[in-house]
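Peer 1: Take a look at the following structure, please.
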């Protein structure tokens, strides 16, 4: 039994299909099918129901999934411990980046690579739920999660504390309203992230507290596509203020969202009690240094600035 066959099986279950699993681990769909079939042949039992449009585990599949996730996590932790023997001259860091995270992570990635050029960074780009699952399975070491975070499972440090703002087409009604109550948007078509993204839950919870459920005009897991749909007048979107401050306002209008404000805080998280590689510890140390520098600069600024 090989780890690669276990990884293929786990990814098929996690992503919900063979094609998505193939994309996730950068192989072809026939290769994924072959690996899963190889695992089933070795175990002598079917793990997935092939006559279903969705991925459905057999009884044997449910048993194997639990053990497979544990074996993969154990193998990842073993590799981390071995990598530490060589310090940060080489190794890898596997880190999860949420859909609105590139502006938070990319500048830091550049600084990290300048300090540790021998460390390979492997980026896992997905929503908060998928990143949380990847952390728990050992697929990644660090990941950006939308707060609040389960303190019993994860340790974490804050990356950004922001709130959502309204993004609408430049020539829309909202261009004349720099401040908008969330209740004012009850009749608007919303453009949201894909259904599995936790940010959608925050938006729905806030809307339900005001007595309405948002009408969904479209969804996407790509921020660029969401922007294009807003630009084209398909609907409005609620996105973090910090993600909108460099937009071309000839195409969009941005309004502050109040009553209620919808928080958007991203924390860098890792599994509580897990062994962290030297590469991950180096990242966290640099992050702490950066936080202290920002705090020191803020303390030196004169009052009123």
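The values are calculated or read from the model by the stated rules, or taken from the named source; none is laboratory data. Everything quoted here is computed from the prediction, not taken from an experiment. Neighbour counts are summed over all protein chains in view; Cβ atoms, including those assigned to glycine, are modelled from backbone coordinates with ideal geometry.
Peer 1: Restricting to region 103-123, what's the tally of residues that are within 16 Å of residue 283 (Cα to Cα) and in contact (Cβ under 8 Å) with a residue 24 or more places away in the chain?
Peer 2: Of the residues in region 103-123, 13 are within 16 Å of residue 283 (Cα to Cα) and in contact (Cβ under 8 Å) with a residue 24 or more places away in the chain.
Peer 1: Filter region 208-228 down to residues that are over 23 Å from residue 252 (Cα atoms) and out of contact with any helix residue (DSSP H, G or I) (no Cβ under 7 Å at 6 or more places or on another chain), then give me how many there are.
Peer 2: Looking only at that region, the number is 4.
Peer 1: Do we have any residue at all in region 264-284 that's under 19 Å from residue 188 (Cβ atoms), touching a strand residue (DSSP E or B) at 6+ places or on another chain (Cβ under 6 Å), surrounded by fewer than 16 Cβ atoms within 10 Å (Cβ to Cβ) and modelled with pLDDT of 90 or more?
Peer 2: No, the conditions are met nowhere in region 264-284.
Peer 1: Find the residue count for region 208-240, including only residues that are under 20 Å from the mean Cα position of the chain (by Cα) and either buried (at least 16 other Cβ atoms within 10 Å of the Cβ) or closer than 12 Å to residue 193 by Cβ (or both).
Peer 2: 13
Peer 1: Follow-up question, since we're still on this one. Can residue 164 be described as in contact (Cβ under 8 Å) with a residue 24 or more places away in the chain, in a strand (DSSP E or B) and in contact with a helix residue (DSSP H, G or I) (Cβ under 6 Å, 6 or more places away or on another chain)?
Peer 2: So residue 164 fails the test.
Peer 1: Among the residues of region 32-62, count how many are closer than 23 Å to residue 140 by Cα and surrounded by fewer than 15 Cβ atoms within 10 Å (Cβ to Cβ). Step through it out loud before you land on a result.
Peer 2: Quick first cut of region 32-62, residues closer than 23 Å to residue 140 by Cα only: 32, 35-36, 62.
Add one more test, that the residue is surrounded by fewer than 15 Cβ atoms within 10 Å (Cβ to Cβ), and what stays is 62.
Count: 1.
Peer 1: Okay, moving on. Has region 141-158 got any residue that is out of contact with any helix residue (DSSP H, G or I) (no Cβ under 7 Å at 6 or more places or on another chain), in a helix (DSSP H, G or I) and touching a residue at least 24 places away in the same chain (Cβ under 8 Å)?
Peer 2: No, region 141-158 has no match at all.
Peer 1: Could I ask something else about it? Any residue at all in region 7-25 that is at pLDDT below 90, touching a strand residue (DSSP E or B) at 6+ places or on another chain (Cβ under 9 Å) and farther than 30 Å from residue 278 by Cβ?
Peer 2: No.
So that you can scan it fast, the table gives a plain yes or no per residue for (1) over 26 Å from residue 69 (Cα atoms); (2) out of contact with any strand residue (DSSP E or B) (no Cβ under 6 Å at 6 or more places or on another chain):
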| residue | (1), (2) |
| --- | --- |
| 119 | no, no |
| 148 | no, yes |
| 154 | no, no |
| 158 | yes, no |
| 163 | yes, no |
| 170 | yes, no |
| 176 | yes, yes |
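Per-residue answers, yes or no, for (1) closer than 27 Å to residue 135 by Cβ; (2) over 24 Å from the mean Cα position of the chain (by Cα):
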site: 11; (1), (2): yes, no
site: 59; (1), (2): no, yes
site: 64; (1), (2): yes, yes
site: 73; (1), (2): yes, no
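Peer 1: A further question on this structure: Return a yes/no flag: does region 72-83 have any residue that is outside any helix (DSSP H, G or I) and touching a helix residue (DSSP H, G or I) at 6+ places or on another chain (Cβ under 6 Å).
Peer 2: Checked against the condition, which is being outside any helix (DSSP H, G or I) and touching a helix residue (DSSP H, G or I) at 6+ places or on another chain (Cβ under 6 Å), region 72-83 yields no hits at all.
Peer 1: Check whether at least one residue in region 99-116 is in contact with a helix residue (DSSP H, G or I) (Cβ under 9 Å, 6 or more places away or on another chain) and closer than 18 Å to residue 196 by Cβ, and report yes or no.
Peer 2: Within region 99-116, one or more residues are in contact with a helix residue (DSSP H, G or I) (Cβ under 9 Å, 6 or more places away or on another chain) and closer than 18 Å to residue 196 by Cβ.
Peer 1: Does residue 125 qualify as being surrounded by fewer than 20 Cβ atoms within 10 Å (Cβ to Cβ), outside the structural domain of residue 193 (by TED's automatic domain parsing), in contact with a strand residue (DSSP E or B) (Cβ under 6 Å, 6 or more places away or on another chain) and closer than 21 Å to residue 276 by Cα?
Peer 2: yes
Peer 1: Then there is this: Of the numbered conditions (1) surrounded by fewer than 16 Cβ atoms within 10 Å (Cβ to Cβ); (2) outside the structural domain of residue 207 (by TED's automatic domain parsing), residue 250 satisfies every one except a single condition; which is it?
Peer 2: All conditions pass for residue 250, except number (2).
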